[in-house]
Amino acid sequence: MHKELHLLGLLRAGPRTGYELHRIVVAHGELYTDLKKGNVYYLLERLAASGALTVTTQPGAPGPRRERLIYTLTDDGHRRFHDLLRAVVRDYEVAHTGIEVGMVFLGTLDPVEAIALLEERREAVLARRAVIERETCAVHNPHQRLAEDHLLCLVDAEMIWLERTIRHLRTDLQHAHPTADSVVTAPAPATHPSPPSSRCPDVTANPSDRPI
């Protein structure tokens, strides 16, 4: 649903090719990362088939087709955009990333390995958070900043869960193997920042007032 909304919203600015839409997606970094190149072309075809878009051709393009496909919103497309926008803002769905399934079967791994894998995940989350925060601080559009901030909140929630889960697994391992103190009580590397606060920054403030 939100991917269709995304493309329809971008096309409100005027007709574009699939390649132009893909370039816009790439230029927006983490905010648009959910919309892959393959999704763009697949969804454009589906939206055109549903009557939300018209497709015209423009000659002179490189490649075997020698023509560009130009996508334009129809009246149905404009109505579809607003219907999807209202639904996406109003409705809530839990985002499943696959980690839930991994936790169900975590007991099949050696506990030390399980902890190490989660610590690797924490490193990846911290790196991802740094990228999103940099992008957020560079955004001046207030609504786009709200979108970036929502991403940060999701990442912060992931960090809080990871810290709690790793601590829980270390405690369980220590109780099961008291001699494993050096494994389960070892402090995190000094390069780790403190876990992010569960309170999201106020994006209604001026960008210069936001903590970095």
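Please treat every number below as a calculation from the coordinates, not as lab data. Note that this is a predicted model, so its numbers are computed, not measured. All Cβ positions, glycine included, derive from the backbone under ideal geometry; neighbour counts span all protein chains shown.
If I model a spin label at residue 88 and residue 103 as a point 7 Å from the Cα along the Cα→Cβ vector, what separation in nanometres do I get?
2.7 nm
Which loop GluC sites (Glu not before Pro) in the range 57-123, with loop taken from DSSP, have no more than 11 other Cβ atoms within 10 angstrom of their Cβ?
For GluC sites (Glu not before Pro) across the range 57-123 that sit outside H, G, I, E and B with at most 11 neighbouring Cβ atoms in 10 Å, the list reads 93.
Describe numerically, in nm with one decimal, the distance between label points set 7 Å from Cα along Cα→Cβ at residue 174 and at residue 45.
Computed distance between label sites residue 174 and residue 45 equals 5.6 nm.
Tell me, in nm to one decimal, what length is gained between residue 119 and residue 67 on full extension, where the rule is 0.36 nm per residue of separation less the Cα-Cα distance?
Working it through step by step, the gained length comes to 13.8 nm.
Determine, from the Cβ-Cβ distance of residue 74 and residue 150 and an R0 of 30 Å, the FRET efficiency 1/(1 + (r/R0)^6), rounded to the nearest 0.05.
Computed FRET efficiency for residue 74 and residue 150 comes out at 0.50.
Give the residue list of trypsin sites (Lys or Arg not before Pro) in the range 2-35 that are DSSP loop and have at most 15 other beta-carbon atoms within 10 angstrom.
12
Between rounded, prolate and oblate, where does the range 1-104 land on the alpha carbon gyration tensor, with a ≥ b ≥ c its root eigenvalues, rounded for a/c under 1.5, else prolate if a/b exceeds b/c?
oblate
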